[in-house]
Amino acid sequence: MERSMVTFRNVVNGQDFTNRWDNESNQVAFGRGNKGFIVFNNDDRALSSNLQTGLPAGTYCDVISGDKIDNRCTGIEIYVGSDGLAYFSITNTTEDPFIAIHVDAKL
């Protein structure tokens with residue numbers, strides 16, 4: 001996971017913080033320009049929400065749960081619509097309760 005987050009940081013380096021969202025508790029999400037988006041669930045309940053990512057439309061590989069290998073994802077896939085919205089679902093009991101997607105992880 002650490003390697004994946006270093007890659008995420010390198011991809012989004014220099015981009016503004018955008019599309020910030022929170023549930024006024026311990027669920028937070030934000031974008032880095034149109035290069036990346038990350039969602040955290042440190043709450044005592046599941047997160048299930050459509051969020052504005054600011055990313056180009058397409059399917060992305062969550063770099064926390066898997067890797068993009070030969071245009072396939074070994075983990076969770078997130079679909080971003082033409083409006084930049086994507087559905088995120090993260091239980092509060094998962095080992096790594098966050099999802100990170102970026103343009104280099106687009107399938």
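The values are calculated or read from the model by the stated rules, or taken from the named source; none is laboratory data. Only a predicted model underlies this, so the values are computations on that prediction, with no experimental measurement involved. Here Cβ is always computed from backbone atoms with ideal geometry, including for glycine, and neighbour counts include all displayed protein chains. Accessible surface areas use protein heavy atoms only, side chains included; no ligands, DNA or RNA. Shrake-Rupley method; radii C 1.70, N 1.55, O 1.52, S 1.80 Å.
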The size of the Cβ-based charge dipole (Lys, Arg +1; Asp, Glu -1) of segment 49-107 about the Cα centre, to the nearest 20 debye, is 140 debye
Hey, any idea what the orientation-averaged projected area of the convex hull of segment 31-83's Cα atoms comes to, in nm²? 4.2 nm²
Around N34, what is the net charge, scoring Lys/Arg as +1 and Asp/Glu as -1 over all other residues with Cβ under 12 Å from its Cβ? +2
Contour minus end-to-end for T91 and D43, with contour as 0.36 nm per residue of separation and end-to-end as the Cα-Cα distance? 16.4 nm
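In what order, largest first, do L85, L51 sit by accessible area if the probe radius is 1.4 Å? Could you put the intermediate results ahead of the total?
Numbers: L85 70, L51 5 Å².
Ranked list, largest accessible area first: L85, L51.
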Given (1) 63; (2) 43; (3) 18, the label whose value is percent of Cα pairs over 23 Å apart derived from this model: (3)
